[in-house]
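Here the structure is laid out as structure tokens; the discussion comes afterwards.
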Amino acid sequence: MSGASIVEGFRAAAGKVGAEVVVVDGVDAAIRHVAARAGGAIVCPEFPSGVRWGLADRLRAAGSEVIDGDFRTHAPRAGAGLTGANFAIAATGTVVLESTAEALRLASTLPIRHFVLLDPRKIVADSTAAVPCLRQLHERLPQAFLAYITGPSRTADIERVLTIGVHGPKELHILLCEGLSDDFLES
Amino acid sequence: MSKQRTRAYKARIDQALATPRLQDTLHRFADAYLLAREAAFAGHDFEALRTGIAAMKDEVRERREEYIARFTRNAKAAGATVYLARTAQEANAYIVSLARQRRVKLVTKSKSMASEETHLNQALEEAGVRVLETDLGEWIIQLAGQRPSHMVMPAIHMSKEEVAELFGKVTGKVEPAEIPHLVQLAREQLRQGYLDADMGISGANLAVAETGGIALVTNEGNARLVTTLPKIHVALVGIEKLVPTLEDAHKVIDVLPKNATGQLSTSYVSWIRGAVPCGDAPKELHIVLLDNGRSALAESPHCRDALRCIKCGACANVCPVYQTVGGHVFGHIYISAIGIILTAFCHGLENAAELVRTCIGCRACVAVCPSKIDLESIILHLREVLGEEEGIGAGKALVFKRIMRNRTLFHTMIRAASLLQKPVTRGERTIRHLPLFFAGLTEWRSLPAIADKPLRDQWPSLPQQVDRPRYRVAFFAGCLNDFVYPELGHDLVRVLNRLGVTVSFPKEQNCCGVPALYSGDRDTATALAGQNVAALLADDPDFVVTTCPTCTMALQRDIKDLLRDHPRWAAKAERLAAITLDVSRFIVEKCDGGQALAGLAAPEKVTYHDSCHLKRGAGVWREPRRLLADSGRELVEMGHADRCCGFGGSYSFTSHPDIARRILGDKVADIAATGAACVAMDCPGCLMQIRGGLDKQGPPVRVAHTITLLAETLA
């Protein structure tokens, strides 16, 4: 699969499971997109590309309320969480987030919306191609919490009717932002 | 004890059958499941995928001590505490004691069948610890005080109205029975639980030896919260969840959601290795590896393949019996086909004693199992074990041991029965009513009468005309063909003669042994196998052909197994298995695709019913369709063509007639919906069942064996 078709495959698969996938032109556009749709305070934990691009400050500058500390207290009331992604898997529309740091897990589980910034250069074709990255992450981290995230939280436990957002985020927004990071080991 | 147990079991069946909403729900689910599953596997080679999983799991089973040690070493290195529990009691005691030591007041749980297996909630609550299930389905059944009726969808048996009523008791208000509202209510009610809990308990879908980590495959996201928020995380993991590497883990993850719910992937797969941060300190992670009968299962040569199970629940989804009675009848803690086996090993044979008979033997589960477990064979073996322990019933024992093994006596008795039935047949070929306590048997299907003269007695006067024979075949008729439908033998001879084949009828042939084997009497089945091998190979035929797929399976598969350790018979059984073919495959493969029969029929609209043992036993389903279409008929497919008709031999007569009746009702509806004038099939058992059902409750559709339809074009 070529680069372009991998990205298209990812968009189609992620869209099919209810994720919103948009292409944004640079970090500022990404910030504008998130700020406009957060629906409340934004949990913005530290992650390497986020720190590098100064996301928390930019969100504040865009007028958003940013939660960047004391996450256990504040994350439950937040409108959104913002994280990066280590990489993604086209076949299933999955984003992979190494979220060993607790704040990343809180940001991606508790708020109603989860925004993920993903560099489209970090999309692999399928789970087979994902394994080497997963292994490298395990080698690097003595303790690890790695998450495959595919669409929003869902259940079909009552009469098999698919219902979105039972415990985790009700909305998953994936922002394809080229130039963010090409390192599969960081988010 | 066992009579009381059987009465309780029958009462559960009656209750389930009296709940039409349950059948509706499960039927609709089954239909949607099949479509979703097919779409999910599009472009994937299911056979290759499941062969890969089976091989990987078998290797883990063989070297399990090594993998347990490796997993434990790596998990400990990452800061986890690992405890190997030999029994459910040990697992519960460890977790309860930990909860006590840490003064745990509230536990939040994500879905774990292993904890259902050990009755962990009960153990914790007895120790004064409150337990909150957070998986929506698990929470519902916790509130209802029930157990899961499905491995993946625990509350599938409940309606939204019932759920609303349960939730109303929690909130103290009347809650509307609207699903989005109920889901939102669960979100709000359970959210505080995660934050307040002192301990989170999860299961695991995988334990990866390479990393010492576990993986959780979920949709709701509750497992992520359960494993993140409380200070202590306990993962209760059956040792069968071990996989060697991350590649192996992905073999399971690639298949599990597709086969469980028709999803390409679940919303979340969480890979957790070691004591990850929790607040200001590392989390306290305990992994309880649960044996509880799994090692015994690994040591059982007949049953050990069941350890390959990845707990997808597909065997329930496709099971016609499950669709009819649900998991509270067809299950103990684990449900449906795999549930029978796991119950026997995790909860004791006594708890599986009724369940081994619930299976109708249609092999639908075998076809969809992602780990390639021959569930039906294992269930048959457990039936044998139980037959030896509890007996198979005095009546059956008498018939099998004293009568069937003595062919002359057996056949004399059938002949006598043909005379005795005269008062009810009134000289006709169909019994529509039976007197007294047999009446129930013909209430929903008529039954065929035993023929005046069995095929074996008609054979010497059956003319055969073949100028230059290309094959000499022996015909194994089976009891139904011989004594009930002798005309099928005439049809077979007519068709095969036209194709240049002479047919003999070895008179010493006896019952194929399946009724005895399926009832748990292996000794009788073995005795019959020996008799049939001798009879069928006596004249050294080129092939042995059959018109009954259950007999085909007996000759192709069971006799090899039954006679494996008999030095006199083993090689001959192999030979017989190798030359046995059902007649449609014989025609297609050995007689030029049956071209001599093509284009002779009128363009009648015909639909085809796949017999379980023909499609999923012998792997034959294209051949009869091809012969019927080539003959000039218009072939239309019915819905669920390969779903069991509910015959199942003694299943529909003695063990579970009420379930068989419902399954037949489904089949009759599918046939009627096609508008076909005729339904074809290749099994005299299905013929009896479907003809009887259409006769009593369906439209006037003709029911015929394929060989009959082929023969009549030659008239």
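The values are calculated or read from the model by the stated rules, or taken from the named source; none is laboratory data. Only a predicted model underlies this, so the values are computations on that prediction, with no experimental measurement involved. In this analysis, Cβ positions are derived from the backbone assuming ideal geometry, glycine residues included, and neighbour counts consider all displayed protein chains. Just so you know, the surface numbers come from the protein's heavy atoms only, side chains and all, with ligands and any DNA or RNA stripped out. Shrake-Rupley method; radii C 1.70, N 1.55, O 1.52, S 1.80 Å.
So here's what we get for this one:
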| item | result |
| --- | --- |
| Residue check for A:T128: of a type in the set (S, T, N, Q), within 30 Å of B:P148 (Cα to Cα), facing another protein chain (nearest Cβ under 10 Å) and without any contact (Cβ under 8 Å) to a residue 12 or more places away in the chain | no |
| One residue from B:T19, B:T51 being of a type in the set (V, I, T) and closer than 23 Å to B:A364 by Cα | B:T51 |
| Residue match in segment A:106-117 (condition: more than 25 Å from A:G26 (Cα to Cα), part of a helix (DSSP H, G or I) and within 12 Å of another protein chain (Cβ to nearest Cβ)) | yes |
| Pairs where the first residue, in segment B:171-200, is more than 30 Å from B:L98 (Cβ to Cβ) and in the same structural domain as B:T134 (by TED's automatic domain parsing) and the second is part of a helix (DSSP H, G or I) and among the aliphatic types (A, V, I, L, M), C-beta under 6 Å, 6+ apart | B:E175/B:A164; B:A177/B:A164; B:L182/B:V163 |
| Condition check for B:I253: at the interface with chain A (Cβ under 7 Å from one of its Cβ atoms), open to solvent by 10 Å² or more (accessible area, probe 1.4 Å) and among the aliphatic types (A, V, I, L, M) | yes |
| Qualifying positions in segment B:666-713 - assigned to a loop (DSSP other than H, G, I, E, B), at pLDDT below 95 and touching a Leu at 6+ places or on another chain (Cβ under 7 Å) | B:T713 |
| Residues within segment A:1-44 that are assigned to a helix (DSSP H, G or I), among the β-branched types (V, I, T) and open to solvent by 40 Å² or more (accessible area, probe 1.4 Å), tallied | 0 |
| Subset of segment B:440-476 that is part of a helix (DSSP H, G or I) and within 37 Å of the chain's Cα centre (by Cα) - its residue that is farthest from B:D592 (Cα to Cα) | B:G440 |
| Looking only at segment B:612-627, and only at residues there that are open to solvent by 30 Å² or more (accessible area, probe 1.4 Å), in contact with a helix residue (DSSP H, G or I) (Cβ under 6 Å, 6 or more places away or on another chain) and not basic (K, R), the one that is modelled with the lowest pLDDT | B:G617 |
| Subset of segment B:219-250 that is at the interface with chain A (Cβ under 9 Å from one of its Cβ atoms) and within 29 Å of the chain's Cα centre (by Cα) - its residue that is farthest from B:C369 (Cα to Cα) | B:E220 |
| Hits in segment B:171-218 - residues which are more than 24 Å from A:G165 (Cβ to Cβ), open to solvent by 10 Å² or more (accessible area, probe 1.4 Å) and within 12 Å of chain A (Cβ to nearest Cβ) | B:E210 |
| Residue match in segment B:644-655 (condition: modelled with pLDDT of 95 or more, out of contact with any Leu (no Cβ under 7 Å at 6 or more places or on another chain) and closer than 24 Å to B:T430 by Cα) | yes |
| Unique residue being open to solvent by less than 10 Å² (accessible area, probe 1.4 Å), among the aliphatic types (A, V, I, L, M) and more than 11 Å from every other protein chain (Cβ to nearest Cβ) when the list is A:I149, A:I174, A:I123 | A:I174 |
| Hits in segment B:410-428 (condition: open to solvent by less than 70 Å² (accessible area, probe 1.4 Å) and over 18 Å from B:L447 (Cβ atoms)) | B:F410, B:H411 |
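One line per residue, one yes/no per condition, for (1) surrounded by 24 or more Cβ atoms within 10 Å (Cβ to Cβ); (2) modelled with pLDDT under 95; (3) assigned to a strand (DSSP E or B):
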residue	(1), (2), (3)
B:V269	yes, no, yes
B:H286	no, no, yes
B:A306	yes, no, no
B:V329	yes, no, no
